Amino acid sequence: MNQIIETILDHRSVRSFTQERLTAEEIKLLVEAAQAASTSSYIQAYSIIGVSDHKLKEKLADYAGNQSYVAENGHFFVFCADLHRHEQIAYEKGVDIKATIESTEAFMIAVIDAALAAQNLAIAAESMGLGICYIGGIRNHLKEVSEILETPEYVLPLFGMAVGHPAQQTDKKPRLPLQSVYHENKYDGESAIAKLAEYDETISSYYRARTDGIRTETWTDQITNRLRHTKRTFMKEFVEEKGFSKR
């Protein structure tokens, strides 16, 4: 096993950072690592907004559900699906590409490109001894987030990432069994489900140890309860308002 794989396998979310800020050189290196990710047809349909203004970070923390580590970290990145630059380039060249960039396929390309870039940045950060935490909570108030970040049409904030020097190390959260995730040649739902009882025991023990027995829920109970209630029902309408996935 090489050092890169060791870094990947050692991932855990960090939610407590020191006051040390990332240097300009560190930020540049992380963004360059993000840009090195694969991108569909070289479209590069994403942008990254670095948020260093503490008052702005506090607003984002509030919108994300009062998550303090959105404000208190070394640097905060917001990853956006971005087809704005493509629309502007086409406009300057007198070419109409609206039917293409407003398609569901283009939306998927932009989301996937942003996710690939983000994961590259995450791995790069962890290889530098930094900690990271993805923040999907900014979508709780996506309209307000878009307004304070001044994202134009065809630019959609997807998620944030808090990066910084860990104030404390957290435990690794066990992932699903390999048999529940990896399928050979065809989808095998029966094998995927069969391993979940064992995984439930693992997760229940994990929570029990972390909380001195206060929390003992299983993974299947946790996920069922989470998915029982629909969240962010405004999303489809807002995504379309931003110019995405209209067709």
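The values are calculated or read from the model by the stated rules, or taken from the named source; none is laboratory data. Since the model is a prediction, treat every value here as computed from it, not as a measurement. Methodologically, a virtual Cβ is constructed for each residue, glycine included, from the backbone with ideal geometry; neighbour enumeration extends over all protein chains shown.
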Across (1) in contact (Cβ under 8 Å) with a residue 40 or more places away in the chain; (2) surrounded by 13 or more Cβ atoms within 10 Å (Cβ to Cβ); (3) over 30 Å from D82 (Cβ atoms), Q179 clears everything bar (1)
**Q.** Check on V95, assigned by TED's automatic domain parsing to the domain that holds I43 and either in contact with a strand residue (DSSP E or B) (Cβ under 9 Å, 6 or more places away or on another chain) or of a type in the set (G, A, S) (or both)
**A.** no
Within region 178-196, the residues that are closer than 23 Å to L9 by Cα, in a helix (DSSP H, G or I) and out of contact with any Lys or Arg (no Cβ under 7 Å at 6 or more places or on another chain) are L178, V181, A192, L196
The condition from (1) farther than 20 Å from V181 by Cβ; (2) of a type in the set (D, E); (3) out of contact with any Asp or Glu (no Cβ under 9 Å at 6 or more places or on another chain); (4) assigned to a helix (DSSP H, G or I) that E240 misses is numbered (3)
Does any residue of region 20-42 turn out to be closer than 25 Å to V145 by Cβ, in the same structural domain as G137 (by TED's automatic domain parsing) and aromatic (F, W, Y)? no
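Every residue, every condition in (1) among the charged types (D, E, K, R); (2) outside the structural domain of E87 (by TED's automatic domain parsing); (3) touching a Pro at 6+ places or on another chain (Cβ under 8 Å); (4) touching a residue at least 24 places away in the same chain (Cβ under 8 Å), yes or no:
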| position | (1), (2), (3), (4) |
| --- | --- |
| E184 | yes, yes, no, no |
| Y187 | no, yes, no, no |
| A192 | no, yes, no, no |
| A197 | no, yes, no, no |
| D200 | yes, yes, no, no |
| I203 | no, yes, yes, yes |
| I223 | no, yes, no, no |
| E237 | yes, no, no, no |
| R247 | yes, yes, no, yes |
Of the residues in region 69-97, those that are part of a helix (DSSP H, G or I) and either without any contact (Cβ under 8 Å) to a residue 60 or more places away in the chain or under 17 Å from V163 (Cβ atoms) (or both) come to Y69, V70, R85, Q88, I89, A90, Y91, E92
Whether any residue in region 46-62 is assigned to a loop (DSSP other than H, G, I, E, B) and aliphatic (A, V, I, L, M) is what I want to check. no
Matching residues in region 182-193 (surrounded by fewer than 15 Cβ atoms within 10 Å (Cβ to Cβ) and under 17 Å from T224 (Cα atoms)) number 1
